[in-house]
Every structure is written in structure tokens, then in C-alpha cells.
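Every number here is computed from the coordinates shown, using simple stated rules; none is lab data. It should be emphasised that the depicted structure is a prediction, and the values quoted were computed from it without experimental measurement. A quick note on method: Cβ atoms are made from the backbone with ideal geometry, for glycine too, and the neighbour counts reach across all protein chains shown.
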Amino acid sequence: MLKKWFFFIATLVFVSALYACSGGDDGDSKEGEAAGGDNVNATGFPIVEEELELTIFANKPAQNEGNDWNDILIWNTYRDLTNINVNWNSVSPDALEENRNLALGSGDLPDAFFLAELSNTDLLRYGSQGAFLPLNDLIDEYAPNLKALMENDPTIEKAITFPDGNIYSMPSLIEDDFLSLRLSARPWVNEDWLNELDMDIPETTGDFYEYLKAVKELDPVGNGDTIPYGGTDIAELVQWLSGSFGVMNHGASNTNLDLDPNDDSKVRYYATADEYREMLEYIHMLYEEGLIDQSIFTIEWGQFLANASDNLYGSMIFYDPIELFGEEIGSQYNSLAALEGPDGHQSYNKLSSSVWTPDNLVITSENPNPAATVRWMDHFYGDEGAELYYMGVEGETFEIEDGEAVYSDHILNPEGDMTFEQAIAQDLTWLGSISGIIKADYFQGGETAPQSMEAAEKIEPQVIDEVWPRFTFTEEENRILQSTGEDINKYVEEMRDKFITGDEDLDNWDSYIQTIEQMGMEELQEVYQAAYDRYQSN
Amino acid sequence: MAKNQSIQKGRGAVIKKNFLRNWQLYLFMMPVFLYFFIFHYIPMYGVQIAFKDYFATLGIWGSEWVGFEHFERFFSSYYFWRLLKNTIILNLYMLVLFPLPIILALAFNELRNGAFKKWTQTLTYAPHFISVVVVVGMLVAFLDPNTGLINHLLRALGMDTIPFLTSPDWFRHIFVWSGQWQTLGWSTIIYLAALAGVNPELHEAAKVDGATRMQRITRINIPSIMPTIVILFILNIGNFMQIGFEKVLLMQNTLNSETSDVIQTFVYETGILEGQYSFAAAVGLFESAINIVLLITVNQIARKVSENSLW
């Protein structure tokens, strides 16, 4: 008897295990079919009459580590206003790509993705297969604020429209003339040391070199520990200097791509240009002479901050020094603009497009009410929404003083050893998470601190006229970008760092160019050219 | 053979009888069997995405077949030879050090049960319990060009600093030897167990015959643990292409990727980070294919040469 029972149970376990494994495939039939405008008000609040639950997958940046988006002032307020209850599935940036791709790969989709760093390749891929919804009509109908912005600035529409004519995402935007924010990390020099050396603020690449060299000799820290230039990433320095050597002349959104200075109907892959070589020679010289931190390729953010707090750096590209290193050390720094290069180039190219990222909100096929979701997002493209997202609630997180919104005292001067950022993160979520539109009038952060604003003013006259957003590509082009494109970009990045450190001699430039051509540069060039032509004609 | 055939008829009955008599043993086996079946055999159906253009909403079965397209792309990729070369060299390097734990175990075995033996053993085991992330953190702390201990020392001695972390030449040495530091003591355990099983009478007889310590090690100890050595060697080969990938990833940067770029980090990059599931699956499958060929070859050789083998 016992034996029979054993067989029965064993078989049962076995079969149910099999069933559990295969069951996942047919579970996700179309629940989102009913997506319609039944339960949505065309204007005003609430957005829906019957409470709507949405699950949104979001990137939750490090600054927001301590808060819970499912129970925080901003989202509670907005839930009460809209009657839409968002269930945030927030993931830290370290695990973002992995979690997002697993969600996409398993077909277990949330109702929407919020700032999930979806590339244009992914948007098109999943969009054309129906996993992401095309939003053109919904934006027309339910997103008056975004539509107004798009009519005002055609770049926005170009940045989010794919070659198939569809829009799969709502972008996050920066008000065009809010320059300080578009600059993100910017260059600084230690003015106390400049004074000690009796030098002026460097204005040419030559001056900058002389300054770094003098700092190294002066060695104000002592023991040879002074670091003339330090940063968290060599790319920051390369991008800043690109304006002094005449490359990257339309911003950094498209890797290694700018406009051919000799023919403005053509794009140029500038990593093979002579100007780029000249720039690498200059940076190599700095590195070779020990003027650039020798650990810049491996340094962690925390170590950088620790070094900066010990006041080891003579210059750097970073965010607001006073906010981050405190008054005593931070106030020693003064900002730099673009340096004039050996061939007279002097422009500031290291800034983002006014389209910060195209993938602010992406709506999936699982979403029960896309129209309401679009309206939910659209609020943040208007003044009221921008105020709510970046300033919070009047009387609770900000006050109006002389017609200007200013954070309340408990945020500006938090109790105990809490920082400004930590105080913000208790009620608001915008830190590291740029959503909707940022307007200078409704924003108060490191970028609007006096030191950073002053830097932006100094830089403003040198800023390039047009900054391209990320281009969009067809499915076929994406295939080439993913194989040949990825390979070439990887090679270029590796070689850039090797040329800089001297691991690879710049005399080998010709074989570098040759390798890139063998890898399929011509094909890649065609893809980029086609994307640019579309961008121009759209 | 002939005997087997003669009882062929009654075989089914015998198996049934055996099964019924020993059903408790089969019951014990069941969880392990289920584990392998559920977690190692069933997921294999997913391997087919290496030959398909996997798309999540279409599912594994619904995605379109593309044949060997992903394999062709990998083989013709610029990085193919570099990845293969790095993976193989790094593994060979580690394989060459295979005798180290054996030597250490033989040495431990000669220490006679003192406090010293226990201490040294514990000391060599300890690093095994440190997480990879911490080990890499320690490497950075020791080897950093500015703040690292070693480079401080070099500077104090008036020598040039060495960019250990960004140098392709140093990567393999640092990777392999820090790995040895971490696992050496732990790997001796299994050999020590085998050595404990060596018949003491053999040693006593050898002593009477006037054999030296060295002779007793080479003539008695090593031959006695040879089967263990061979089996462990074959098992090692079975994992040949699978280096501790997390550690490579943590130690990797653009400057050392010339030697640190290996197949597994490539799979992680393209599969998980870029979301090219099918391509990454094809690359992973290629790696597994190499593994299985190596495993079978080495097992075959071992069977011929030493009469010890896995099967």
C-alpha cells in the first residue's frame, strides 16, 4: 500500500513540476485589450473617476535610496489629485539594466516604464512588435502641454519620432535656456592656488597645461600628493576639450558623431579625424607628465569625493563644489569656460540637448488605460506639474517669496547633520530623476547654486548653437549598430584610453584608422548619414 | 557479457524486485533527481533561442528561426579571436597551477598534529570565505597607483610606480594569483582526506626498509591519492571555460580589456546589458560546446592512461 502511495506522490510532484514550468507561456494573454477612453476625463482633475491602479517600473537613483515612492508627499499628493494610484516598482541604477531586460525578456511587463534608460533601439524593437504602444494619437488627444512644447521646439518631435513615423515614448525635457542644467558636470580650477602661483584663469589649452604643471611643481598638498587634474571619468575631460580642438561639434548624444566641418550636409565619425588625434596628443601629454590623476581610469566616485574633501585637486570637471565639498574647500574653486585650442577652436560642446532623454515614460501593451496614463504624465510638462515635481507642495515644501518659489526652511537648513539633498528626498523624488520639464523658475538644486550659475553665465557665449538629440534608426540600421557599431565604438573607446596613457603609441594612428575601416566603418557611416538625413527632413 | 545475456529474460523482474526491496534508497535519490531534472534539464529547451531571433512578447516557441546567423556573427566579429584567446590563456594559466594544492596538502600531511598544523591550515582556509567583491576591493586598495600600499612601497624604494590595475600584462597574474591565495587552502581539504586514507602499514614497512621521507611521499602518498587527483583534474577541465566571471568583470576596465575581455563577460555585456538574448545565448552555447568536447577528450585520455575516469 505504502509503495503505491509513494508512486502516486512521486508522479504528482513530477507532473506538477512540469506543469509549473510550462505554464508561464500561455498566461499572458491580452488583458490590456480593453484599453479605451471610457474611464478618463478629457481635461481637469481627477483624471479618472474610478480609481485606477498602475504598476510602473522606475529607475530609483542613489540620492533617493532612503525614501519610499509608494508613500511620499509628491506621489501621495498627485494620487489624490488624479485618482490614479501608482504602484512603483523601483530599481536601483546598478541593477537597472539587468532588471529591465529581464522584465522585457520574460514578457512580464509593467504598465509603464519610467526613466528606465530604454535605448532608442529597444523603443523601436519593442514598439514595432507591439509591446510598447505608439503614442502619436494619444499625445494629440490627451497631452496638451507636451504638444505645445513640441510645436514650440521641433527638436523634441524629431528626437522621439521613429523612422516608421511612430512615437513610443514621452521625453524628459530641459527648458531650452536653462543652460546650467544642460551643462551637468563643468570644469573648475582652484583659484587659491592660481593666486599663489600668480596666474590668471586659463583661457587656452596652453595656459591650462602651464597651470597644471605649475600646480604639480608647487605641490600645495605636500609629499607629491597634489593631483593637478582629477575626475571620475576620463570622458568628461575629453568631451570638454573637444570644443578646443573642433570635434563633437553637435553635442555628445550620438557617440563619436558630429557634423563634417567642410560639408554641412554630411555627418562625420570624428574619432578618425585629425583634430581628434591632435586632442588625444594633448591629453596624452598631460597624462604622461603626471598632470592627470593616474587612477582616473579605475577611480570610484567615493574615492574621488574623499580626495576632493582632502583638497587634493588642482582642477576637475564636476558638479557644484560648495554643495558637494562644503564651503571651506568648495569656495576655493572658480569655473572655467572653453579653452582656446592650438587651431583657434573655442566652443563649449559638452552639454545635453534640451531633450534630456526620450524615454521618460513608455507605455506597454499591458496598460489598462493608456489615455489616462498619458494624461498622468502630461501634467508634468506644464507649469503646475513642474512646480509639483521639482518644488512640491506650497506651505509644506516651498513658499513663495517675492513671486519666486523657494524651498521651506526645513529643507534649506535641515536639522542635525542631514544634507539639503537628504531633506529633499524625504518629500520629493526628482534628484537624479529628471522627469517632465525642468524650468528654471521651478527648480532649486546644485545647478542653481550661485557658483554653478556663475559658471553657466561664463560658458553661455561659447555654447554651440545646435545640440542634436539621439537620432532614431530603423530596425535594419539597428542591426548594424548593434554589431558593427558596438564593436567599433568599443574599439575606439579602448584605443582612446590607450592613446592617452601611452599604452598605444600615437604613431600607430594609421593602423588604428585601418582597423576601424576593416571593422566596417563605411557601412556604419551610411547608417549615420541616413539617420541624419531623416533628422533634417523631418 | 554472456552471463548477462543468459539472464536477460528475468531482467525486468529483477529490476522490479530490486526496486521494491530498496525503495527507501530510491526515495532518497528523488530530490536530487528532481533538482537536476527541473533546474538543469527542463531549462535546456530555452537553448533554442540561440538559433532564433528571440523576442519576449512572442515567447521562446513563437520567435522566428534564424539558423546559425548568431554564430556566424560571433565568429566573424572583430573580438572573436581576442575573446577566445583570453579565455583559453587565462584558463590554462589556472590549470598549470593545479598541482599547488596537492603540494600543499602533502606538506600539511607531513606535519604531525601540532597546534602549528591547525593554525596554518585555518590560515590558508580563511580567505576562501571572503566575497569576490571584497577581494577585488582589497586588490584596488593594495594596487592603486596613488594610494595603493604596493606603489607606496615602490615609491619609497625610489622605483617607478606600476599601473597594476590598468595594465593588460599584469591582469592575468593578479587575477590568477589572487585566486590562488583565496582558494589554495580550501582545495587541499579533499587531498588531505585522501591522504588520511593511506594505509599506515605501508609507511611503517617503508620506514623499516630505510626509506626517506621524500621517498615515502613520492612512492606511497602520491600513488595512493592518484585516483583523486585524476578525477579532480577531469572535473576541473569540465569547468574549463568558466572562470569566475564576476571577478573578471569587477577587475575589467578599458585599458586592460585586451587581456581581460573573456567570453563570459562578453555574454553578460551583450545578453544582459544590451538585451541581445539570442546572440548571447549563441555565444554561451559555443562556450559550453567547447567544454563538453574537452571534458570527453580528457576523460577518454585519462581512462586509457591511468584507468581512472569519470565514466
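Quick notes
- Taking a point 7 Å out from the Cα of residue A:42 in the direction of its Cβ, the residues of the range A:136-174 whose backbone N falls within less than 11 Å of it are A:141-142.
- Taking label positions 7 Å along the Cα-Cβ direction at both residue A:309 and residue A:475, the computed distance is 5.3 nm, reported to one decimal.
- For A:475-486, mean number of other protein chain Cβ atoms within 10 Å: 2
- Residues residue B:239 and residue A:65, FRET efficiency given R0 of 56 Å [Cβ-Cβ distance, rounded to 0.05]: 0.90
- The modelled label-to-label distance for the pair residue B:206/residue A:148, using points 7 Å beyond Cα in the direction of Cβ, is 9.2 nm.
- Per-residue ellipticity at 222 nm from helix content only, as computed over chain B with -39500 (n - 2.57) for each DSSP H run of at least four residues, stands at -20500 deg cm²/dmol.
- Calculated FRET value between residue A:419 and residue B:24, using beta carbons and R₀ = 60 Å, to 0.05: 0.40
- Dividing the summed -39500 (n - 2.57) terms of all DSSP H runs of n ≥ 4 by the residue count of chain A sets its mean residue ellipticity at 222 nm at -13000 deg cm²/dmol.
- Semi-axes of the equivalent ellipsoid of the protein assembly as shown are 53, 39, 27 Å, computed as sqrt(5λ) over the eigenvalues of the C-alpha gyration tensor in descending order.
- Under the simplified labelling scheme, the residue A:94-residue B:160 pair shows an inter-label distance of 3.6 nm, with each label point 7 Å from Cα along Cα→Cβ.
- Listed by chain and number, the aspartates and glutamates placed with their C-alpha closer than 12 angstrom to that of residue B:52 are B:64, B:69; residues fewer than eight positions away on the same chain are left out.
- For the range A:130-170 versus the range B:76-129, the inter-centroid distance based on Cα atoms is 58 Å.
- Exposure proxy shown here: for B:27, A:339, A:197, the number of other Cβ atoms within 10 Å sets the order, fewest to most, as B:27, A:197, A:339.
- Net length gained if the chain between residue B:307 and residue B:92 were fully extended (0.36 nm per residue, minus Cα distance): 75.0 nm
- Taking other C-beta atoms within 10 Å as the exposure proxy, A:119, A:347 rank A:119, A:347 from fewest upward.
- Using the Cα coordinates of chain B, the gyration tensor eigenvalues translate into equivalent-ellipsoid semi-axes of 39, 37, 17 Å, sorted from longest to shortest.
- Shielding score for B:51-59, defined as the mean number of other chain Cβ atoms within 10 Å: 5
- Computing FRET efficiency as 1/(1 + (r/R0)^6) for residue A:106 and residue B:33, where r is the C-beta to C-beta distance and R0 is 30 Å, gives about 0.65.
- Sum of side-chain charges, residue A:497 neighbourhood, beta-carbon under 10 Å (Lys, Arg +1; Asp, Glu -1): -2
- Cross-link partners of residue B:16 among lysines, defined as those whose alpha carbon lies under 23 angstrom from its own and excluding same-chain residues fewer than eight positions apart: A:3, A:4, B:3.
- Among A:182, B:303, B:213, the order by Cβ neighbours within 10 angstrom, fewest to most, reads B:213, B:303, A:182.
- Packing rank of B:171-177, B:118-124, where each peptide gets the mean count of other beta carbons within 10 Å, highest leading: B:171-177, B:118-124
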